Each structure stands twice: as structure tokens, then as C-alpha cells.
Amino acid sequence: MILTDSLNRPLRDLRISVTDRCNFRCVYCMPKEIFGSDYPFLPRAQILTFEEIARLARIFVRHGVRKIRLTGGEPLVRRDLHLLVAMLADLPDLDLTLTTNGSLLARQAQLLRNAGLKRVTVSLDSLDDGVFKAMNDVDFPVEKVLEGMDTAARVGLGPIKVNMVVKRGVNESSILPMAHFFRKKGYILRFIEYMDVGHTNGWRMDDVVSANEIIRMIDAEIPLEPIEPNYRGEVAGRWRYKDGSGEIGVVASVTQPFCRDCNRARLSAEGDLYTCLFAVTGYNLRNLIRGGATDEEISQAVVSVWNKRSDRYSELRSENTTSLPKVEMWHIGG
Ligand code: SAM
Ligand code: SF4
Ligand code: SF4
């Protein structure tokens with residue numbers, strides 16, 4: 001039986017945050033002023049072990065999950081992540097992927113591929129070193145991220161997808177250079193509208209460059225046409241270059257909310273299940289596991305949480321909702 005929520009949406013996609021830590025301090029995600037050296041990240045004992053994650057993943061797959069994305073924080077700072085990948089790679093009918101800032105990818109790509117990872121998404125907000133360093137705020141150079149992408153492509157983790165968050169007045173000027181560069185490389189570039197996740201990034205609607213604006217900007221230089229989604233509920237709207245030279249995506253979560261088809265659940269590093277990126281509270285699965293619950297009992301908890309789900313934050317977003325408390329993106333994964 002297909003598991004559906006109160007708005008008849010199935011559960012298809014699970015994003016698993018494997019750590020709340022990160023080696024970047026992107027200004028729109030983990031601003032340095034808040035995530036300083038004394039920030040209380042989760043102690044190791046509170047983070048799910050690989051065995052616990054794999055057990056939960058098996059249960060989710062039984063309930064219809066067909067895609068798992070490993071994320072974070074920065075997933076590649078979690079030691080021996082390839083061991084988790086190997087555990088998940090055996091699950092049937094599953095699209096297993098990972099989102100990373102790319103900083104540690106060159107070193108780990110081959111291990112991850114050997115463990116059974118199929119593809120990766122790498123985040124990069126600009127090709128301009130000055131702009132990129134100002135955004136990651138740890139002085140990390142563009143070159144090293146590109147090296148990570150190229151190594152991943154070489155070992156068979158392609159087609160590489162690239163995520164670019166666009167923030168007005170910060171990296172708009174990088175949109176066209178990024179489009180040209182990744183079109184030539186054959187990587188799929190996806191532009192993400194800057195979102196009001198959490199309450200530490202000082203989000204303002206004025207900072208959002210809309211997907212329409214981005215498409216217009218690129219189309220004026222390299223003509224584009226829309227294409228059908230790969231499947232219902234796909235997050236990125238797809239566009240292709242009319243000359244056949246590739247495709248791009250736009251994630252318009254602010255200006256064109258897609259809650260209607262949202263089939264995503266999120267598991268935080270400490271084992272809380274969230275049914276929306278903007279949820280305030282999660283359902284603690286770790287206590288169930290560590291309390292000795294059977295697979296059947298955990299299954300029932302998942303079913304009951306999903307059956308009750310009615311989230312559609314982005315569709316309801318307003319001046320009021322933007323100031324409500326929310327969980328942080330680095331905490332439950334993007
Ligand atoms: N550390 C990894 C990375 O950066 O790719 C994975 C976790 S990160 C939270 C996942 C994605 O969320 C990244 O592509 C990141 O750019 C995006 N993201 C983070 N904060 C965002 C925000 N405020 N608005 C839109 N996207 C955001
Ligand atoms: Fe780290 Fe990713 Fe957040 Fe940047 S977007 S701070 S790389 S978790
Ligand atoms: Fe899904 Fe929540 Fe985002 Fe809407 S706001 S698309 S329900 S995660």
C-alpha cells in the first residue's frame with residue numbers, strides 16, 4: 001500500500017543529514033557570527049550511527065522511498081562516509097545520491113563510487129574567487145571545488161549537478177559566467193532561489209533573485225525552452241538550451257512554491273524525522289531505536305507521522321510566516 005499524507009502526497013524522497021557540522025560558513029546557511037568556534041554542535045553519541053541510519057533507510061524504502069540524498073552539514077566531513085554508502089547501495093530500486101560543497105570530493109570520489117554511489121550534486125555559487133570566498137566565508141578557492149567535480153565525473157559519478165544559490169547584490173553577476181562554463185562542461189547547473197530557512201541568515205524578500213529573472217537573463221544570451229519534469233514532484237524546473245547544448249534547472253521555492261507535489265521527508269543527524277524543510281519540530285526516531293523498538297514499531301511511527309502530514313509552508317509564506325521560528329537548513333539538510 002502506498003503511504004500518503006493528509007493531502008494525498010506519497011513519500012518518495014528522503015534526505016538524510018549525516019552530520020550537523022561543516023567546514024564552510026556560507027553566509028546564507030551558517031553565518032560565522034553565530035556558528036563560531038564555541039558553537040555547540042552535537043556530541044558524537046547523539047548522532048545516528050551508520051547502522052542506525054541504514055536500518056531506518058530500509059524501513060523508509062519499504063514505505064515507498066525511491067530516492068535518498070545524503071546531505072548535512074557537509075556530508076563528507078563525516079568520517080568514513082563511504083561505509084554508509086556501501087550499506088545503502090544494496091537497497092532495492094533506490095536512487096542514491098549526495099550533496100556536497102565539493103571541498104573534500106577529489107579525495108573521496110573514487111571511494112564513494114566504489115562503495116556504490118551513483119552520482120553527486122556539488123554546490124558552487126560563483127566562478128569568481130572573490131565572490132565565492134565571500135560566500136563560503138572560509139577563504140575556500142573555486143579551483144578546488146572544480147577539481148572535486150572533475151574527479152567525480154572522471155570516476156563515473158556523473159552527470160554532475162551543480163547547485164548555485166543566488167543572492168541579490170552578492171552573486172547575480174556570476175549567473176551568466178556559470179551558465180556558459182557548465183554548458184561547455186556538460187554539467188547540469190541548477191539555480192536555487194535564496195530561501196528563508198532558519199532564522200540566522202537575516203533573509204529578506206528583496207535578496208531573492210527570482211527563477212523567472214534568472215531564466216530571462218540567460219535566455220537573452222543563450223536561448224532556452226522549458227522541458228517536462230522527469231517525474232511528478234521534481235524540485236527543479238527544467239529548461240534546455242535551444243541549440244541542444246544541455247539543460248539547466250531552477251528551484252523556485254520562494255516565488256513558485258511546489259508544496260502540492262512535495263514528497264520529501266528529512267532525517268536529521270540526531271534522528272529526528274521532519275516532514276517539511278520549514279518544520280519547527282521533528283519526530284524523534286532515535287529514542288525509538290535506542291529504546292529497543294522493533295522494525296514494525298518504527299514503521300508504525302513513520303506511517304503515523306506521514307499520514308498526519310499537512311505541511312505547505314512555501315505556499316503559505318507571508319510576511320507573518322517568514323518571522324516564525326524554523327529549523328535550520330544545515331540541521332536537517334537541504
Ligand atoms: N554542505 C552541502 C552543500 O553545501 O552542498 C550539503 C548541505 S547544504 C544545506 C544543501 C544545499 O542547500 C546546498 O546546495 C546549499 O547551497 C543550499 N542552501 C543552503 N542554505 C540555503 C538558503 N538559505 N537558500 C537556498 N539554498 C540554500
Ligand atoms: Fe556548509 Fe552546505 Fe551550509 Fe554551506 S550550504 S554552510 S557548505 S552546509
Ligand atoms: Fe515541501 Fe515544506 Fe518545501 Fe512545501 S515548504 S515544498 S511542504 S519542504
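The values are calculated or read from the model by the stated rules, or taken from the named source; none is laboratory data. From a predicted model like this one, the values you see are computed outputs, not experimental measurements. Neighbour counts run over all protein chains shown; Cβ positions are idealised from the backbone, glycine included. Heavy atoms of the whole protein, side chains included, go into the accessibility calculation; ligands, DNA and RNA do not. Shrake-Rupley method; radii C 1.70, N 1.55, O 1.52, S 1.80 Å.
Annotations for the structure displayed:
- For the range 193-287, the alpha-carbon coordinates run over 54, 31, 22 Å along the three principal axes, in decreasing order.
- Alpha carbon Rg of the range 13-332, scaled by the compact-globule rule 2.2 N^0.38 Å: 0.97
- Annotation: Cα Rg of the range 69-211 relative to the compact-globule expectation 2.2 N^0.38 Å equals 1.07.
- As a calculated quantity, the FRET efficiency between THR281 and ARG204 at R0 = 25 Å, using C-beta atoms, amounts to about 0.45.
- Annotation for ASN114 and LYS67: the two label points, set 7 Å from Cα along the Cα-Cβ direction, are 2.9 nm apart.
- Length added when fully stretched, SER37-ASN8, from 0.36 nm per residue minus Cα-Cα: 6.0 nm
- Modelled label positions at LEU316 and LEU176, each set 7 Å beyond Cα in the direction of Cβ, lie 4.2 nm from each other.
- Count of lysine pairs in the range 13-332 with Cα separation under 20 Å (8 or more residues apart, or interchain): 18
- Separation of the VAL303 and GLU225 label points, Cα + 7 Å toward Cβ, nm: 4.7
- The helix-based estimate of mean residue ellipticity at 222 nm for the chain, built from -39,500 (n - 2.57) per DSSP H run of four or more residues and divided by its residue count, is -9000 deg cm²/dmol to the nearest 500.
- Calculated diffusion of the range 1-71, Stokes-Einstein form, Kirkwood radius summed over Cα pairs, 4 °C and 1.567 mPa s, µm²/s: 88
- Relative to the Cα centre, the charge distribution of the range 181-263, modelled as +1 at Lys and Arg Cβ and -1 at Asp and Glu Cβ, gives a dipole magnitude of about 280 debye.
- With every protein chain in place, the chain: carbon and sulfur % of accessible area (1.4 Å): 51
- Inter-centroid distance (Cα atoms) of the range 30-72 relative to the range 274-304, Å: 13
- With Cα atoms as the point set, the radius of gyration and Dmax of the range 1-134 evaluate to 16.4, 52 Å.
- Beta bridges per DSSP with both ends in the range 165-264, % antiparallel, nearest 5: 60
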